[in-house]
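The values are calculated or read from the model by the stated rules, or taken from the named source; none is laboratory data. From a predicted model like this one, the values you see are computed outputs, not experimental measurements. Cβ atoms come from the backbone with ideal geometry, glycine included; neighbour counts cover every protein chain shown. Please note that ligands, DNA and RNA were not included when accessible areas were found on the heavy atoms of the full protein model with its side chains. Shrake-Rupley method; radii C 1.70, N 1.55, O 1.52, S 1.80 Å.
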Amino acid sequence: MEKKNIDWGNLGFSYMETDKRFVSNFKDGAWDEGALISDGNVTMSECACVLQYAQTCFEGLKAYTTQDGHIVTFRPDLNAERMEASAKRLEMPVFPKERFIDAVVQVVAANEAYVPPFGSGATLYLRPYMYGKNAVIGVKPADEFEFRVFCTPVGPYFKGGVKPLTIRVSDFDRAAPNGTGHIKAGLNYAMSLHAIVSAHEEGYDENLYLDPKTRTKVEETGGANFLFVTKDNKVVTPKSGSILPSITRRSLVHVAKEYLGLEVEEREVYLDEVKDFAECGLCGTAAVISPVGKIVDHGKEICLPSGMTQMGPITKKLYDTLTGIQMGRIEAPEGWIRVIK
Ligand code: PLP
Ligand code: COI
């Protein structure tokens, strides 16, 4: 398979149209068998539920070329399960797990020419999503839905790769108590757009959102969970019912304990204690682990001892082990790697 002529090493995190995408439609109470298609555009009613009432959820995962030349994905079963939770919370039908994984596999295989080579620093990002498609004008769920998966080759989510980030404590909330923060609903991202634009205008890379109820505890950023490291090398990660259950974070907790022998605490993390941590990172499919060097709380700067030039040492070990597992350099726990070819 000849690869596309793409400057893999200089890709950012942006959309590039690829050859094939998977589409399946839900009508009269059932999903059709679905197919790979070439057209990257969607046509629907002007009154589609997704356009009027944002009835949509999505997932994000990556395909990697391993050191020995295979193409793999990482824990797609967990993306399928999370999308099931999102669909149920948004009154959408569940796209069955085995079919979800099969659609991902089909899309990667059909776009093999776009899977970045091993060592290029790029990966193939997959975006499964689902939306309510038929016209509704009263506030109610659609009864026709479309499930799609497309892919696009990507580089680092944050410009500058592993340069530590500066983030601010946001005055906006991304989730409500008892709301939808724990699922991957498009609406969570719509409400973060103003916050991220104003953060960028003020020179910050991202927002640190606080818990919406008490505004005293660290939740997550717009697109990643937090991992902190204490001065005695314990990994601490916020536990909350209103953050997205990151697959990367759950994997890193296992890596920290089982591969690196580190103690891990999953607990509420108060903003007040952040000044005492040694390292901080943002973890997610897109972010991988992006180090944070500085957190600004309304003018008060919290400078992580790991500094503004490189990842902290524990963050680096976590990063190297996780990416080693994903790229086939390190043996993966049973069931984590789905080989596509
Ligand atoms: N938190 C939010 C709000 C996200 O959008 C994402 C990205 O999917 C994550 C966390 C990280 O989740 P995962 O590691 O499953 O990609
Ligand atoms: C991902 O990491 O897959 C996400 O969905 C985050 C998004 C902000 C790009």
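Residues that are aliphatic (A, V, I, L, M), within 16 Å of ligand 1 (Cβ to nearest atom) and surrounded by fewer than 18 Cβ atoms within 10 Å (Cβ to Cβ) within segment 97-154 comprise just one, I101.
One line per residue, one yes/no per condition, for (1) within 20 Å of the chain's Cα centre (by Cα); (2) part of a helix (DSSP H, G or I); (3) within 16 Å of ligand 1 (Cβ to nearest atom):
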site	(1), (2), (3)
L244	yes, no, yes
R249	yes, yes, yes
V253	yes, yes, yes
K294	no, no, no
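Check whether at least one residue in segment 297-306 is in contact with a Cys (Cβ under 7 Å, 6 or more places away or on another chain), within 16 Å of ligand 2 (Cβ to nearest atom) and part of a loop (DSSP other than H, G, I, E, B), and report yes or no. No - not one qualifying residue is present in segment 297-306. Exactly one residue among G138, G181, G132 is modelled with pLDDT of 95 or more and closer than 30 Å to K213 by Cα, and that residue is G181. Only residues that are under 18 Å from the mean Cα position of the chain (by Cα) and polar (S, T, N, Q) were counted in segment 316-341, giving 2.
Residue pairs whose Cβ atoms lie under 8 Å apart, sitting 6 or more positions apart in sequence or on different chains, and linking a residue in segment 194-205 that is under 11 Å from V169 (Cα atoms) to a partner that is of a type in the set (K, R), are A195/R174; A199/R168; Y204/R168. Kindly indicate whether any position in segment 251-268 is touching a residue at least 40 places away in the same chain (Cβ under 8 Å), more than 19 Å from T315 (Cα to Cα) and touching a strand residue (DSSP E or B) at 6+ places or on another chain (Cβ under 7 Å). Yes; the residues of segment 251-268 include at least one that is touching a residue at least 40 places away in the same chain (Cβ under 8 Å), more than 19 Å from T315 (Cα to Cα) and touching a strand residue (DSSP E or B) at 6+ places or on another chain (Cβ under 7 Å).
Filtering segment 241-259 down to residues that are among the small types (G, A, S) and either over 24 Å from P177 (Cα atoms) or crowded, with 23+ Cβ neighbours inside 10 Å (or both), which residue is farthest from ligand 2 (Cβ to nearest atom)?
Checked segment 241-259; the qualifying residue farthest from ligand 2 (Cβ to nearest atom) is A256.
Table: residues versus (1) surrounded by fewer than 18 Cβ atoms within 10 Å (Cβ to Cβ); (2) over 24 Å from the mean Cα position of the chain (by Cα); (3) away from ligand 2 (no atom under 16 Å from the Cβ).
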{"residue": "E17", "(1), (2), (3)": "yes, no, yes"}
{"residue": "K20", "(1), (2), (3)": "no, no, yes"}
{"residue": "F26", "(1), (2), (3)": "no, yes, yes"}
{"residue": "W31", "(1), (2), (3)": "yes, yes, yes"}
{"residue": "C47", "(1), (2), (3)": "yes, yes, yes"}
{"residue": "Y64", "(1), (2), (3)": "no, no, no"}
{"residue": "A80", "(1), (2), (3)": "no, no, no"}
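(1) surrounded by fewer than 19 Cβ atoms within 10 Å (Cβ to Cβ); (2) away from ligand 2 (no atom under 16 Å from the Cβ): which one isn't true of V274, the others all being true? Exception for V274: condition (1). Of the numbered criteria (1) in contact with a helix residue (DSSP H, G or I) (Cβ under 7 Å, 6 or more places away or on another chain); (2) at positive phi; (3) away from ligand 2 (no atom under 16 Å from the Cβ), the one Q55 fails is (2). Comparison of E98, E33, E84, E46 shows that the only residue that is under 21 Å from A190 (Cα atoms) and free of Cβ contacts under 8 Å to residues at least 60 places away in the same chain is E84. Among the residues of segment 269-286, the ones that are among the charged types (D, E, K, R), touching a strand residue (DSSP E or B) at 6+ places or on another chain (Cβ under 8 Å) and either modelled with pLDDT under 95 or not in a strand (DSSP E or B) (or both) come to 1 in all.
Just one of the listed residues (I325, I289) is within 30 Å of C151 (Cα to Cα), more than 16 Å from ligand 2 (Cβ to nearest atom) and at pLDDT 95 or above, namely I325. When segment 107-131 is filtered for residues that are within 16 Å of ligand 2 (Cβ to nearest atom) and in a helix (DSSP H, G or I), the ones remaining, listed by number, are V107, V108.
The single condition from (1) of a type in the set (S, T, N, Q); (2) open to solvent by less than 60 Å² (accessible area, probe 1.4 Å); (3) modelled with pLDDT under 95 that Q310 fails is (2).
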